[in-house]
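The values are calculated or read from the model by the stated rules, or taken from the named source; none is laboratory data. Note that the structure is a prediction, hence the values are computed from the model and not measured. Counting neighbours? That spans all protein chains shown, and the Cβs are built from the backbone with ideal geometry, glycine included. We work out accessible area using only protein heavy atoms, side chains counted, and drop any ligands, DNA or RNA first. Shrake-Rupley method; radii C 1.70, N 1.55, O 1.52, S 1.80 Å.
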Amino acid sequence: MRIGSTVLVLAILALAAPAVAAEINTGKELVAACGAYAAKDENALREPDPCRRFLVGFFTAFKTSEDAHRDAMVKGLPAAATSSCVRLPDFLSYREMAQRIVKYGNAHSAELAGPPRDLAQHTLETDFPCPPRQH
């Protein structure tokens with residue numbers, strides 16, 4: 001039953017993710033929105049913003065997925081990783097993540113036509129890879 005409930009939670013998150021980011025449909029739109037967000041005055045960063053809403057939804061889904069993956073590993077269940085290992089810093093502001101997305105998107109123009117979630121995920125994988133395993 002546990003495996004079924006984990007899969008159900010992940011399926012619900014996958015379906016809900018596009019609804020959270022309905023106004024950002026491509027990597028290009030995400031880069032544009034995050035560029036505008038990163039350029040805002042410090043006092044305006046807490047105002048409603050499409051990039052910030054996207055990032056909140058993205059990191060919520062990311063955390064849930066990582067928790068489910070870790071839970072499956074602890075229980076000895078097969079848990080196929082769908083992305084590269086990422087080790088986030090202790091603190092990462094929305095503004096800094098927005099700047100990183102803009103930088104990554106500008107350097108990888110082929111990804112701008114793809115889904116914004118993929119662009120954000122690839123930004124994390126590039127900027128925050130896990131350290132190599134030591135034996």
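I need the full set of residues from the range 102-124 which are outside any loop (DSSP other than H, G, I, E, B) and open to solvent by 40 Å² or more (accessible area, probe 1.4 Å), in order please. Break it down into steps so the answer makes sense when it comes.
We begin by selecting, within the range 102-124, every residue outside any loop (DSSP other than H, G, I, E, B); these are 102-107, 109-111, 116-124.
Those that are outside any loop (DSSP other than H, G, I, E, B) and open to solvent by 40 Å² or more (accessible area, probe 1.4 Å): 103, 106, 107, 109, 110, 111, 117, 118, 122.
Give the range 25-71 a look and list any residue that's of a type in the set (A, V, I, L, M) and within 16 Å of residue 88 (Cβ to Cβ), or say none. Quick ask: steps written out before the conclusion?
Here is the first cut: in the range 25-71, the residues of a type in the set (A, V, I, L, M) are 30-33, 36, 38-39, 44-45, 55-56, 61, 68.
The answer is 55, 56, 61.
Of all residues in the range 83-124, those being modelled with pLDDT under 95 and acidic (Asp, Glu) number 1.
If you check residue 19 against the conditions, is it among the small types (Gly, Ala, Ser), under 25 Å from residue 100 (Cβ atoms), part of a helix (DSSP H, G or I) and modelled with pLDDT of 85 or more? Here the answer is no, as residue 19 does not meet what is asked.
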